[in-house]
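For reference, the structure discussed in these notes is given below.
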Amino acid sequence: MYYRLKEPWAFRGWKKLPYAIQAQYGENKHTRPLFLQKAPFLDLLRCDGQKSLNLEDCSLEGRKTINELLTEGYLEQSAEPLPALASWQRYHLFPARYIESAHWSITGKCNFRCRHCLVSAPEARHPQLPLEDCKRIIREMAACGIRRVDITGGEPFVRADFGEIVRELTAWDIDISLIFTNASLLTEQTLELLNASGQHPSFQLSFDGLGHHDWLRGVPGAEAQADAAFRLLQKHEIPVMAAMCIHRGNRDTLRDTANYLASLGVHSLRVNAPQALGEWKQYGKEYALSMDETWDVYRRYIRDYFADGMPLGIEMDGFFSCKKGTVNYTIPYVHHAREDSNWSRLPYCESMRYNLYIGPDGRLIPCMGFGDTALAKKFPNLLEEGLGPLTLSGYYHEVVETKISDLLARNPKCDFCEHLPKCCGGCMVESITDAGDYLVPDERCCYFHKHIGEQAVRDAADAAIRAAGLKTENPVNQ
């Protein structure tokens, strides 16, 4: 019998987690690779369509994997030889750790003066690399097997050569998955450029409350520009989400803002308190909400959210998350680790293991939240050393590989905390100190578990669901 991977699947590997098959084209393009043990992977390599394969000659795990892939439609079989695998389907080993996607600031410049900017764009602290350096970054990503990128800034559309960057990404078969923008420079021509290049990203637009957006963004007319951009994307049926930073000035606008955004076709809204980094260090002293004040805003909106029929997806910091039109909510602050978990094996941040951030100067950083801290300069620049090796060793690798046990070793009180299995240290970025220490407990997550708690959120959500005449699905946070 002859076996062969069906398109769009390909054999791929990385120096870290080397044995994998991954969808590269078609609707499965953005799925995470199926990582395998060595024996079944070697058995799968024999499924090239050209050599007859007796499954009895395969390992037990290999036979199981092949049968599962046949059932799921990812393999085909025939009594006669099948066409050979295409060149892109054959095994390729990338000289890097596996990276699912890159979050790339293609510029440090911005035409707004946001009062909470993480990269301090209003002060022009970060550069804009020349186009040739951007092209080299794209080549580095492609050489490491990265096939998906989210574009941010500064404001990405301030680059006059934005189209050249789009075309270069397309040439190297890298999808633009999401573009973060303040919306002021988004035009029909921009959308035509993306479409002509075969790129079909979603957009995330900032919108900080009806009547309050201009203040946080630091320029008059920002709210009207955002409204026009939402309507443009709605006209073209392009997926769009919004992000709102909550503070003392706009906290009473959440319900009206969410319903307004839903009316413009926005499918989800992320609400969060600005991090005490970058420009917000100055403004947060007067405008930042306490955790109790934040919870009060979110608690009230949970009631309104279900009363309004779950008009869009909502995520409110780590307190509450729910998809549009459903009652199956989750509480991101709550994890479900076992009390006897081996903390030396569990990563402090799971996301950083599969995603990376490239700063506007080409610096390789685990997460954008590190970008305006005392640590930033410690991270390497991929224009100087190359992306692949930097993902496998050095300071970047050291931070990415941080385990919860590293946090506990520095903070013994956490090891004895009853909330540890549900907290798991919280968010590494939320806890970074001015001195650049990231092995510090996330005080917001800690406060949530000690003073608010999972049950308070569930009580509020379940009561709101019942009051709206909806059926509770008894959700369990994943």
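The values are calculated or read from the model by the stated rules, or taken from the named source; none is laboratory data. As the structure is a computational prediction, the values presented were derived from the model and not from experiment. Here the Cβ positions follow ideal geometry from the backbone for every residue, glycine too, while neighbour counts run over all protein chains shown.
Among residues of the stretch 36-53 that are closer than 9 Å to residue 65 by Cβ, those with a Cβ under 6 angstrom from a residue that is surrounded by fewer than 21 Cβ atoms within 10 Å (Cβ to Cβ) and of a type in the set (D, E, K, R), sequence gap 6+ or separate chain, pair up as 40/61. When we screen 339, 350 for residues that are without any contact (Cβ under 8 Å) to a residue 60 or more places away in the chain and surrounded by fewer than 22 Cβ atoms within 10 Å (Cβ to Cβ), the only hit is 350.
When the residues of the stretch 165-209 are filtered to those that are touching a helix residue (DSSP H, G or I) at 6+ places or on another chain (Cβ under 6 Å) and of a type in the set (Asp, Glu), the one that is farthest from residue 88 (Cα to Cα) is 208. Can you find, within the stretch 18-77, the residue that is modelled with the lowest pLDDT among those that are hydrophobic (A, V, I, L, M, F, W, C), touching a Ser or Thr at 6+ places or on another chain (Cβ under 9 Å) and closer than 18 Å to residue 92 by Cβ? Selected residue: 23. With respect to the stated conditions, residue 431 fails to be surrounded by fewer than 19 Cβ atoms within 10 Å (Cβ to Cβ) and either touching a strand residue (DSSP E or B) at 6+ places or on another chain (Cβ under 8 Å) or polar (S, T, N, Q) (or both).
Farther than 28 Å from residue 154 by Cβ, of a type outside the set (A, V, I, L, M) and either at pLDDT 95 or above or out of contact with any helix residue (DSSP H, G or I) (no Cβ under 6 Å at 6 or more places or on another chain) (or both), is that true of residue 363? So residue 363 fails the test. For the stretch 173-201, a residue qualifies if it is buried (at least 16 other Cβ atoms within 10 Å of the Cβ) and among the hydroxyl-bearing types (Ser, Thr, Tyr), and the qualifying residues are 177, 181, 184, 190, 197.
In the stretch 422-444, is there at least one residue being within 26 Å of residue 97 (Cα to Cα) and of a type in the set (Lys, Arg)? So far as the stretch 422-444 goes, no, none of its residues is within 26 Å of residue 97 (Cα to Cα) and of a type in the set (Lys, Arg). A count restricted to the stretch 413-454 and to residues that are part of a loop (DSSP other than H, G, I, E, B) and either among the acidic types (Asp, Glu) or more than 24 Å from the chain's Cα centre (by Cα) (or both) stands at 9. All conditions in (1) modelled with pLDDT of 95 or more; (2) surrounded by 18 or more Cβ atoms within 10 Å (Cβ to Cβ); (3) touching a Lys or Arg at 6+ places or on another chain (Cβ under 8 Å) hold for residue 119, with the sole exception of (1). Would you check if residue 251 is crowded, with 16+ Cβ neighbours inside 10 Å, under 30 Å from residue 437 (Cβ atoms), of a type in the set (Lys, Arg) and at pLDDT 95 or above? Against the criterion (crowded, with 16+ Cβ neighbours inside 10 Å, under 30 Å from residue 437 (Cβ atoms), of a type in the set (Lys, Arg) and at pLDDT 95 or above), residue 251 does not qualify.
Scanning the stretch 373-409 for residues that are among the acidic types (Asp, Glu) and more than 21 Å from the chain's Cα centre (by Cα), we see that the one that is nearest to residue 429 (Cα to Cα) is 406. Looking across 64, 51, 15, one residue alone is surrounded by fewer than 20 Cβ atoms within 10 Å (Cβ to Cβ) and assigned to a loop (DSSP other than H, G, I, E, B). It is 51.
Of the helices (runs of 4 or more DSSP H) that lie entirely inside the stretch 146-263, those containing 2 or more residues that are of a type in the set (A, V, I, L, M, F, W, C) and closer than 27 Å to residue 308 by Cα span 222-235, 254-263.
Residues in the stretch 75-99 that are crowded, with 18+ Cβ neighbours inside 10 Å and assigned to a loop (DSSP other than H, G, I, E, B): 85, 98, 99.
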